[in-house]
1. Give the residue, chosen from A:Thr208, A:Thr222, that is outside the structural domain of A:Ala151 (by TED's automatic domain parsing) and touching a Leu at 6+ places or on another chain (Cβ under 6 Å).
2. Might you let me know whether the range A:275-283 holds any residue that is in contact with a Gly (Cβ under 8 Å, 6 or more places away or on another chain), small (Gly, Ala, Ser) and more than 25 Å from A:Glu247 (Cα to Cα)?
3. Just one of A:Glu162, A:Glu170 is part of a helix (DSSP H, G or I), on the phi < 0 side of the Ramachandran plot and not hydroxyl-bearing (Ser, Thr, Tyr); which is it?
4. Can A:Val280 be described as in contact with a strand residue (DSSP E or B) (Cβ under 6 Å, 6 or more places away or on another chain), crowded, with 23+ Cβ neighbours inside 10 Å and not charged (D, E, K, R)?
5. So how many residues does the range A:1-36 have that are at pLDDT below 55 and either open to solvent by 100 Å² or more (accessible area, probe 1.4 Å) or charged (D, E, K, R) (or both)?
6. In this structure, does A:Phe41 turn out to be assigned to a helix (DSSP H, G or I), within 14 Å of RNA strand B (Cβ to nearest atom) and not acidic (Asp, Glu)?
7. Applying the selection to the range A:174-205, what residues are touching a strand residue (DSSP E or B) at 6+ places or on another chain (Cβ under 9 Å), at pLDDT below 90 and open to solvent by less than 10 Å² (accessible area, probe 1.4 Å)?
Amino acid sequence: MSEGSKPAKRQPLKAIKGTHDILPAETGAWQRVEGVAREHFARYGYREMRTPVFEETELFARGIGEDTDVVSKEMYSFGDRDGGSLTLRPEATAGIVRAVIEHNLANVDPLLRVYALGPMFRRERPQKGRQRQFHQVDVEAFGVTAPGIDAEIVEMGFTFLERCGLTGLELILNSVGDAEDRQRYAGVLREALRAQAAALCADCQRRTETNPLRVLDCKVPTCQPVIEALPRIADHLGADAKDHFAEVCRQLALLGIPYRTSHRLVRGLDYYTRTTFEIVATEGLGSQSTVLGGGRYDGLVRDLGGPDLCGIGFALGVERLLLLAPPAADEPRCDVFLMPLAAAAGDHALSAQKALRAAGVRTVLDHEGRSFKSRMKLADKLGARFVAILGDDELAQGAWMLRDMKTSSQQPVPLPALVDHLKGRL
RNA sequence: GUGGGUGUAGCUCAGCUGGUUAGAGCGCCAGGUUGUGGCCCUGGAGGCCGCGGGUUCGAAUCCCGUCACUCACCCCA
């Protein structure tokens, strides 16, 4: 652009890489999912909470962990005019925890359970089931230490996905223990890994020092034998954490939720303690198979400067959910299509349209004065249940000719009776 | 950030080893009756063949570059 070369052809304006438009034909499916979410979570006593899409960068750095991939290389951060650093939220929990602390909600709400819906931002390379702006449904419950809440929230997520029509789901559980367990285990693991360093991939050699738990997540084939032989966290849990996890599993079995445990399930955010879980799709998502993931975070609120308040939650990716959901049938957009033919019919149509809409009837009136046939085709495409025709003959009778598009039958309806008549039939 | 694949109409794609007006299906618009949709038939609109350069008498087609999209790695929802 700076050189005096060819006049650069103006590129058409387009959405930023990794973002996408949700077009009118798609919003129905989104609204359905959101509606199910609201209704479902309400059954468990959850209410919606909305926090800003951007926060101070420090919140995420401290909350999620400086060494995580999300913080170290995926955040959309930018300088504010006053010199501060702001970041588009890469996940929801940190902002919600900040708000809980800021408004002292733990002392305000005796049942602190919230959900949130909205966009998250991570600067990753897009691929199937992964965007730079994507949407999550997020759920958090605070203040309950008992394992019952773990089982309840996992059950809630699982049944939510089922209610959205998903099948072929697999629930995976693990416990990463309390902070001390985790720390101690990380040390044990690091020792074991150092001894095997030669057999590990370069990433794992690096992770051995930075975050040994994440070695367990490695998918490089040559690392697998080493990983399988590593000491397992289950053998390094404190008695409390061990009992806690056993009770979570017991209750889930009681609730009839199928699951398997995996000692290798280590989630990428640093704040998790004790229970971690993930729901994956066995097919349909390519390599991004996780639909829902979450866990307990008993130290997070305190670490962010709040009270010693435990918490547990999960996030699920709406785009991924939609990829797996059965396709939605397109809904009719119109109940009644008005078709004034005679010149004198136009005013009748206008007032009928207003009255119908006031009565809650979805009404469309073609303003272009197109041919009869064109308008019939349009009515059909809109899925109109009825077409109301008003031509010279009908005017003379003082009645609409009301056509039922399903049965192809039609009957006269007196002009003033149209609204009541239709309300009775829709 | 690193690899692979693909860029032709609104969508899905054809276009053989370079050859003259670039095609199909679907969708869209309009007609096939004077006031009746779906099915069928006919017609029409709509393409700098991603962009730039090169080879050639001639490039959608071959070569180079570039950009975009996509899948995968990494990591995550």
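1. A:Thr208
2. Yes - at least one qualifying residue is present in the range A:275-283.
3. Answer to the check: A:Glu162.
4. No; evaluated as a whole, the condition is false for this residue.
5. 6
6. For A:Phe41, the condition - assigned to a helix (DSSP H, G or I), within 14 Å of RNA strand B (Cβ to nearest atom) and not acidic (Asp, Glu) - is not met.
7. The one that is touching a strand residue (DSSP E or B) at 6+ places or on another chain (Cβ under 9 Å), at pLDDT below 90 and open to solvent by less than 10 Å² (accessible area, probe 1.4 Å): A:Asp181.
Residues checked against (1) open to solvent by less than 40 Å² (accessible area, probe 1.4 Å); (2) of a type in the set (A, V, I, L, M, F, W, C); (3) outside the structural domain of A:Glu55 (by TED's automatic domain parsing); (4) at negative phi:
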position: A:Phe78; (1), (2), (3), (4): no, yes, no, yes
position: A:Arg81; (1), (2), (3), (4): no, no, no, yes
position: A:Thr93; (1), (2), (3), (4): yes, no, no, yes
position: A:Val97; (1), (2), (3), (4): yes, yes, no, yes
position: A:Val108; (1), (2), (3), (4): no, yes, no, yes
position: A:Leu117; (1), (2), (3), (4): no, yes, no, yes
position: A:Arg122; (1), (2), (3), (4): no, no, no, yes
position: A:Ala141; (1), (2), (3), (4): yes, yes, no, yes
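The values are calculated or read from the model by the stated rules, or taken from the named source; none is laboratory data. Quick caveat: nothing in here was measured; it's all calculated off a predicted structure. Methodologically, a virtual Cβ is constructed for each residue, glycine included, from the backbone with ideal geometry; neighbour enumeration extends over all protein chains shown. Each accessible area value is taken on the protein alone, full model and side chains, heavy atoms only, with ligands, DNA and RNA left out. Shrake-Rupley method; radii C 1.70, N 1.55, O 1.52, S 1.80 Å.
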